[in-house]
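**Q** Got a structure here, written out as C-alpha cells. Questions coming.
The values are calculated or read from the model by the stated rules, or taken from the named source; none is laboratory data. Worth saying up front: this structure is predicted, and the values here are computed from it rather than measured. Neighbour counts run over all protein chains shown; Cβ positions are idealised from the backbone, glycine included.
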Amino acid sequence: MKLTPALFGLLMGASLTTGAMAADSYTIDSRHTFPTFEINHLGFSTQRGRFNSTSGKIMLVPSQNSGSIEVKIDTASIDMGLEAWDKHMRGEDFFNSEQFPAMTFKSTKLMFDGDKLVGAEGDLTLLGVTKPVTLDVKGFACGTHPINKKPLCGADISTTIKRSDFGMTKYLPGISDIVYIEIPVEAFRD
C-alpha cells in the first residue's frame, strides 16, 4: 500500500482524534476540596485559615502522562474561624476580595512518576499578579467512589509561596512572608 499525502493526513487526523478522545475530564468536588494555609503570626504561633469555595477542572490523558489543571478559589470564602477576622482578611490589607474576587491556578505542565501524578507547574494569580509555582502532589489515586459509584480521583497538594511576590505586604515581617498551602482535592469524572 502506497502512503500518499492524503492517506498520511487521514492517519494523522485519526491518531490525533484518538488521543483527544483518551482525555478524561474531571470536575472538582467543592464539598471535598478546601485549600488551607498556614502562616507564622508575630513569631508566636502558626495561624491557619481555609477557603470554603473552590471550583475547577482537571484533564488527564493517562496514555500520554499529560493533562491540565485549572482551579478557581473564591477569596471572599476565607474562613479564619471569626467573622471579624474573616472581614479583615477579605479587606484591602490582605485578599482585597472586592477588587480580586478569585485567585486562580492554571497548570503549564503535569509531572508523573510512571502513571502516578506527582506534581504540577503552573501560574498562580493572586491580587492580579501572576507568578509561577510548583505544586507537590501526594497520594494521587483514582477509583470508584464507594457511595455514589462514580469515577473519582483525589490527592493532597501542597506548595509554599512568598505573599510579598503577589503584593501582599501588610505587617511584614511580623506576619511571615512565607505561606504554606495545603489542598486536599477530589474530582469526579465528567
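**Q** Quick one: which residue in 19, 9, 13, 43 is at pLDDT below 50 and either surrounded by 11 or more Cβ atoms within 10 Å (Cβ to Cβ) or assigned to a loop (DSSP other than H, G, I, E, B) (or both)?
**A** Values: 9 fails: either surrounded by 11 or more Cβ atoms within 10 Å (Cβ to Cβ) or assigned to a loop (DSSP other than H, G, I, E, B) (or both); 13 fails: either surrounded by 11 or more Cβ atoms within 10 Å (Cβ to Cβ) or assigned to a loop (DSSP other than H, G, I, E, B) (or both); 43 fails: at pLDDT below 50.
Going through 19, 9, 13, 43 in turn, just one is at pLDDT below 50 and either surrounded by 11 or more Cβ atoms within 10 Å (Cβ to Cβ) or assigned to a loop (DSSP other than H, G, I, E, B) (or both): 19.
**Q** Please work out which one of (1) closer than 18 Å to residue 185 by Cα; (2) surrounded by 16 or more Cβ atoms within 10 Å (Cβ to Cβ); (3) touching a strand residue (DSSP E or B) at 6+ places or on another chain (Cβ under 6 Å) is the condition residue 89 fails and give its number.
**A** It is condition (1) that residue 89 fails.
**Q** When region 115-141 is examined, which residues are found to be surrounded by fewer than 12 Cβ atoms within 10 Å (Cβ to Cβ) and touching a residue at least 40 places away in the same chain (Cβ under 8 Å)?
**A** 115
**Q** To continue, here is another question. Taking into account only those residues within region 142-157 that are in contact with a Leu (Cβ under 9 Å, 6 or more places away or on another chain) and free of Cβ contacts under 8 Å to residues at least 40 places away in the same chain, which is nearest to residue 183 (Cα to Cα)?
**A** 157
**Q** Considering only region 72-82, I want to know if a residue exists there that is more than 17 Å from residue 157 (Cα to Cα), charged (D, E, K, R) and more than 19 Å from the chain's Cα centre (by Cα). Reasoning before the result, please.
**A** From region 72-82, those more than 17 Å from residue 157 (Cα to Cα) are 74-82; that's our starting set.
Imposing the further condition that a residue be charged (D, E, K, R) reduces the set to 74, 79.
Going one step further and asking which of them are more than 19 Å from the chain's Cα centre (by Cα), we end up with none.
The answer is no, given that none of the residues of region 72-82 is more than 17 Å from residue 157 (Cα to Cα), charged (D, E, K, R) and more than 19 Å from the chain's Cα centre (by Cα).
**Q** If you don't mind, another one. I'd like to check something: does region 49-58 contain any residue that is under 21 Å from residue 166 (Cβ atoms), among the β-branched types (Val, Ile, Thr), touching a residue at least 24 places away in the same chain (Cβ under 8 Å) and not in a loop (DSSP other than H, G, I, E, B)?
**A** yes
**Q** Would you be able to tell me the number of residues in region 166-190 that are surrounded by 17 or more Cβ atoms within 10 Å (Cβ to Cβ) and either among the hydroxyl-bearing types (Ser, Thr, Tyr) or without any contact (Cβ under 8 Å) to a residue 40 or more places away in the chain (or both)?
**A** Within region 166-190, residues that are surrounded by 17 or more Cβ atoms within 10 Å (Cβ to Cβ) and either among the hydroxyl-bearing types (Ser, Thr, Tyr) or without any contact (Cβ under 8 Å) to a residue 40 or more places away in the chain (or both) number 1.
**Q** For residue 161, all conditions in the list (1) surrounded by 16 or more Cβ atoms within 10 Å (Cβ to Cβ); (2) within 24 Å of residue 31 (Cα to Cα); (3) of a type outside the set (D, E, K, R); (4) free of Cβ contacts under 8 Å to residues at least 60 places away in the same chain hold save one; what is the number of the exception?
**A** (2)
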